[in-house]
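Report on one structure; see the data block that follows.
The values are calculated or read from the model by the stated rules, or taken from the named source; none is laboratory data. No experiment lies behind these values; they were computed from the predicted model shown. We place every Cβ from the backbone using ideal geometry, glycine too, and count neighbours over all the protein chains shown.
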Number of protein chains: 2
Amino acid sequence: MMEKKLFLTFSIILNLVFTVYILCNNSTTWSPRWTNRAAAEAEDAASVSCSGHGRAYVDGLGVLDGNKPPCECNNCYTGKDCSVHVSDCPVDANSGDPLFLEPFWMRHAEKSAVLVSGWHRMSYRYKGGSFVSEELEKVIRKLHKVVGNAVTDNRFILFGTGSTQLLAAAAHALSLSNSSSSSPARLLASVPFYALYKEQAEFFDSTRLKFEGDTSAWKKSKRNDNNTQVIEIVTSPNNPDGKMKRAVLEGPNVKTIHDYAYNWPYFSPITHQTDEDLSLFSLSKITGHAGSRFGWALVKDKNVYEKMKRYVTLSSMGVSRTTQLYGLQLLKVVVGDGGEEIFHFGYETLKKRWETLNKIFSTSTRFSLQTIKPEYCNYFKKVKDFTPSYAWVKCERLEDTNCYETFRAAKITGRDGKVFGSEPEERFVRLSLIRAQDDFDQLVGLLKKLVPEEAVGVDLI
Amino acid sequence: MMEKKLFLTFSIILNLVFTVYILCNNSTTWSPRWTNRAAAEAEDAASVSCSGHGRAYVDGLGVLDGNKPPCECNNCYTGKDCSVHVSDCPVDANSGDPLFLEPFWMRHAEKSAVLVSGWHRMSYRYKGGSFVSEELEKVIRKLHKVVGNAVTDNRFILFGTGSTQLLAAAAHALSLSNSSSSSPARLLASVPFYALYKEQAEFFDSTRLKFEGDTSAWKKSKRNDNNTQVIEIVTSPNNPDGKMKRAVLEGPNVKTIHDYAYNWPYFSPITHQTDEDLSLFSLSKITGHAGSRFGWALVKDKNVYEKMKRYVTLSSMGVSRTTQLYGLQLLKVVVGDGGEEIFHFGYETLKKRWETLNKIFSTSTRFSLQTIKPEYCNYFKKVKDFTPSYAWVKCERLEDTNCYETFRAAKITGRDGKVFGSEPEERFVRLSLIRAQDDFDQLVGLLKKLVPEEAVGVDLI
């Protein structure tokens, strides 16, 4: 009898507990509504297993037909779940795809996700008439402050569809201030330089701008008359070789564009707060989102800023608002802990890659890597090695007349040195070190065959 | 005793029911995980009440400091929740902000939302090496098929950061095929034309392209020598006047760009399936997402396509992958029901606006509106009125030498007719009819004052 009573009491209490649980659960947890579908779709895609050698995206092939997004496998992996390694597979070490940061974002899935509503900022302009998200501008200023790599006070910030667009905008804007109307402004850079500088100027073919080539050659030439308007692009750290650079040309006829795409603690010690007239940065090399096509310029002179703004307006009416929203969220994550986690993660990743690389090349007499002395990094607050995004490999042997082809023969596709400037650069090839871990591992595999094998070759001769 | 037994049994059964409920509830409803934060944030912003006269966006001012996003009020509304109407407020009827479609997207919040993961397509390129989402390309072909406004078979599709970028790319690409290297290709359009054509060509100032102005003037001029390379831009329906247009120039030296931004059932009957060499479309005027900066080109000739692609590559390395994902989702909603709902909604909205407008202007001798005869629409399968995006208002009185200023004095900011071409256009002003309902309502309010008032004025003279 007593037992039954106890049992009944227990049962009633349990019922009460269940009731409270259900009530609380329904009222305190967030109950998803119109965001359901999109969230579920994203979770579904993210949960597709690609064996760690690929990923599925919500906009993958076949989703329009209602299919689950398929795995898109890393190079040299195949199969439905990317579990099959392709043997004897050539390696892609060409483009500067910054996938080395992808694991960071996967680890911070919750913080970095963005839900875009179907009516997100449909207008051409933000409130107030600008093409620029004020919050994104704010987080960019904060980022530079946190890293200590650029002065943003008294600077206008302009957004572009990648720093690619801003490069063209900057060169064009500066060429418009050319007083001598008879002769176009000359665009120059120091060899080896990023090929886009030349390609843009030559393809867009403005009456006011002409690509002239190497700064040093110009300095020595007779045409360097202190009269011709000159625009020098300074890339620091430099693409391809990762070296810190300063302007070579000077004078009242010289204007300078500083391309600081790589000026982040991953790639080089932050030695000082840059304070230039016109500098360019890119989301691609700070968060790794090359595909989002977002860059920004810090511009001192209002006149130049206005001309660049006009360029961006006439070229694309500013940058996609969806992309600005995404950029805001990503940079919010970066600055959230003062860059602590992402910069450590990225730097350590590249440091390990450089250690592996240096080891492979250390015994070689046939190939050499660039070396840059460590410097004190104001961000990490200690002396740090340079860990550039690219290996700038020199073929030392005279018979290796085309370094790029030498590597191609060993199934490694880098970027041909001659793309970066003049003749002697044919002795160089650029290997990208910032790609996905799989790419790097495959590169190492092939380099381990090529480099020692050929070193032995030298010994035999 | 019996009662107690019954009670116990009941209690136990209830326990079981609760247990099953909780288990089922946890296993069958979708349980949100890493998408939680983003989804909640979006729902929060969407739930901010702005009295139907504004909206809050997730990236609104102050969100970085942890504030709830504020209401961004429509023109002439103010206050924390946009509930205060500003009396005597000037009206903005200038830009072609396609906010008339915003209510459609709010109504389809669930279908149209997109969740972007922090690692979404970080790479420069899609699998296969292109800058273009294959699914987005597919949905665009489907869209044209559904609407019947353009042949897409045997056409290359190129994406741009708005049709703005593609316009520049197209003009540049066609100018490169100019055989007579001594003289630049001439860019022409029929007055009245969209100002950007002129502004782009003049600002970018390529050695190979020169804006020449009106096609008819050119046709009559001596320089029309069948030798000079000519590029004609045909805008149909035309911006500003909404009329259907055909190419004016012909000959072996003539190339044509068809700007079909407004060639959708909202604005004009779909009279035929266009089948041109090079035509341009814009997300802005089909879904209303001007802010997303997305457009596409249909290109017949591979050579021209390759040159345009090179332009877009050198200018911005393609279009943001985030934006492509968003565009895919939006167009998926559009074609989901064959365009049924969005085109009906958009057309009916504009039809009502035109009815209101026609009524106001019907008695006026001072101002007149463009008139275009109804035509059979292949999409709606019936004869339909033209409902252009802009009213192209003519000031008929001689003393109204500047039509734009006449409207400005009545607190209506339109777009000055002279922006669209030559001198007589000063007698015109363009009023945008595709903006938010609030903008239109305010426009109507002020027009109701201006138009009849001045009609009386005429009677008195």
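When residue A:80 is tested against (1) out of contact with any Asp or Glu (no Cβ under 6 Å at 6 or more places or on another chain); (2) within 12 Å of chain B (Cβ to nearest Cβ); (3) within 19 Å of residue B:128 (Cβ to Cβ), only condition (2) is not met.
Matching residues to (1) crowded, with 23+ Cβ neighbours inside 10 Å; (2) assigned to a loop (DSSP other than H, G, I, E, B):
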position: B:80; (1), (2): no, yes
position: B:87; (1), (2): no, yes
position: B:103; (1), (2): no, no
position: B:110; (1), (2): no, no
position: B:121; (1), (2): yes, yes
position: B:136; (1), (2): yes, no
position: B:169; (1), (2): yes, no
position: B:175; (1), (2): yes, no
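Scanning region A:361-404 for residues that are under 20 Å from residue A:148 (Cβ atoms), among the basic types (Lys, Arg) and crowded, with 17+ Cβ neighbours inside 10 Å gives a single hit, A:384.
Taking the conditions (1) among the basic types (Lys, Arg); (2) over 23 Å from residue A:294 (Cα atoms); (3) facing another protein chain (nearest Cβ under 8 Å) in turn, residue B:107 satisfies each one other than (3). Checked against the criterion of being among the polar types (S, T, N, Q) and in contact (Cβ under 8 Å) with a residue 40 or more places away in the chain, region A:201-210 has no qualifying residue. Are any of the residues in region A:99-115 more than 22 Å from the chain's Cα centre (by Cα) and more than 15 Å from residue A:336 (Cα to Cα)? The answer is yes; a qualifying residue exists. For the structure I just gave you, tell me whether residue A:449 is assigned to a helix (DSSP H, G or I) and among the basic types (Lys, Arg). For residue A:449, the condition - assigned to a helix (DSSP H, G or I) and among the basic types (Lys, Arg) - is met. Restricting region B:179-222 to residues that are surrounded by fewer than 22 Cβ atoms within 10 Å (Cβ to Cβ) and of a type in the set (A, V, I, L, M) leaves a set whose member that is nearest to the other protein chains (Cβ to nearest Cβ) is B:196.
Being crowded, with 23+ Cβ neighbours inside 10 Å, within 8 Å of chain A (Cβ to nearest Cβ), in a loop (DSSP other than H, G, I, E, B) and among the acidic types (Asp, Glu) is not true of residue B:97.
Taking residues in region B:293-317 that are more than 9 Å from chain A (Cβ to nearest Cβ) and without any contact (Cβ under 8 Å) to a residue 24 or more places away in the chain, and partners anywhere that are of a type in the set (A, V, I, L, M) and crowded, with 17+ Cβ neighbours inside 10 Å, not one pair has Cβ atoms closer than 8 Å while being at least 6 places apart or on different chains. Evaluate the following for residue B:104: is it on the phi < 0 side of the Ramachandran plot and either β-branched (Val, Ile, Thr) or touching a Phe, Trp or Tyr at 6+ places or on another chain (Cβ under 7 Å) (or both)? Answer is yes for this residue. For the residues B:167, B:158, B:188, B:143, the requirement of being of a type in the set (A, V, I, L, M, F, W, C), modelled with pLDDT of 95 or more and over 21 Å from the mean Cα position of the chain (by Cα) singles out B:188. Comparison of A:362, A:368 shows that the only residue that is touching a residue at least 12 places away in the same chain (Cβ under 8 Å), over 22 Å from residue A:97 (Cα atoms) and over 24 Å from the mean Cα position of the chain (by Cα) is A:368. Taking region A:51-86 as the range and being hydrophobic (A, V, I, L, M, F, W, C) and either free of Cβ contacts under 8 Å to residues at least 12 places away in the same chain or under 22 Å from residue A:411 (Cβ atoms) (or both) as the test, the residues that pass are A:61, A:63, A:64, A:73, A:76, A:82, A:84, A:86. Determine whether residue A:253 is without any contact (Cβ under 8 Å) to a residue 60 or more places away in the chain and closer than 28 Å to residue A:177 by Cα. Criteria met by residue A:253. Filtering region B:142-165 to residues that are without any contact (Cβ under 8 Å) to a residue 60 or more places away in the chain and either acidic (Asp, Glu) or within 23 Å of residue B:311 (Cα to Cα) (or both) leaves only B:153.
Go through (1) touching a residue at least 24 places away in the same chain (Cβ under 8 Å); (2) at the interface with another protein chain (Cβ under 10 Å from one of its Cβ atoms) one by one and return the number of the condition residue B:138 breaks. Failing condition for residue B:138: (1). Out of the residues in region A:149-167 meeting the condition of being facing chain B (nearest Cβ under 7 Å) and buried (at least 24 other Cβ atoms within 10 Å of the Cβ), tell me which one is farthest from residue A:316 (Cα to Cα). Among them, the one singled out is A:162. For region A:224-279, which positions are among the aliphatic types (A, V, I, L, M) and over 13 Å from residue A:147 (Cβ atoms)? Result: A:230, A:231, A:233, A:234, A:244, A:247, A:248, A:249, A:254, A:257, A:261, A:278. Kindly indicate whether any position in region A:50-66 is at pLDDT below 95 and polar (S, T, N, Q). No. Residues that are of a type in the set (S, T, N, Q), touching a helix residue (DSSP H, G or I) at 6+ places or on another chain (Cβ under 7 Å), under 30 Å from residue B:204 (Cβ atoms) and facing chain B (nearest Cβ under 8 Å) do not occur anywhere in region A:328-339.
Residues checked against (1) under 23 Å from the mean Cα position of the chain (by Cα); (2) over 30 Å from residue A:435 (Cβ atoms); (3) charged (D, E, K, R); (4) at pLDDT below 95:
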{"position": "A:233", "(1), (2), (3), (4)": "yes, no, no, no"}
{"position": "A:245", "(1), (2), (3), (4)": "yes, no, yes, no"}
{"position": "A:254", "(1), (2), (3), (4)": "no, yes, no, no"}
{"position": "A:271", "(1), (2), (3), (4)": "yes, no, no, no"}
{"position": "A:274", "(1), (2), (3), (4)": "yes, no, no, no"}
{"position": "A:281", "(1), (2), (3), (4)": "yes, no, no, no"}
{"position": "A:304", "(1), (2), (3), (4)": "no, yes, no, no"}
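Every condition in (1) buried (at least 19 other Cβ atoms within 10 Å of the Cβ); (2) part of a helix (DSSP H, G or I); (3) touching a helix residue (DSSP H, G or I) at 6+ places or on another chain (Cβ under 7 Å); (4) more than 11 Å from chain B (Cβ to nearest Cβ) holds for residue A:146 except the one numbered (1).
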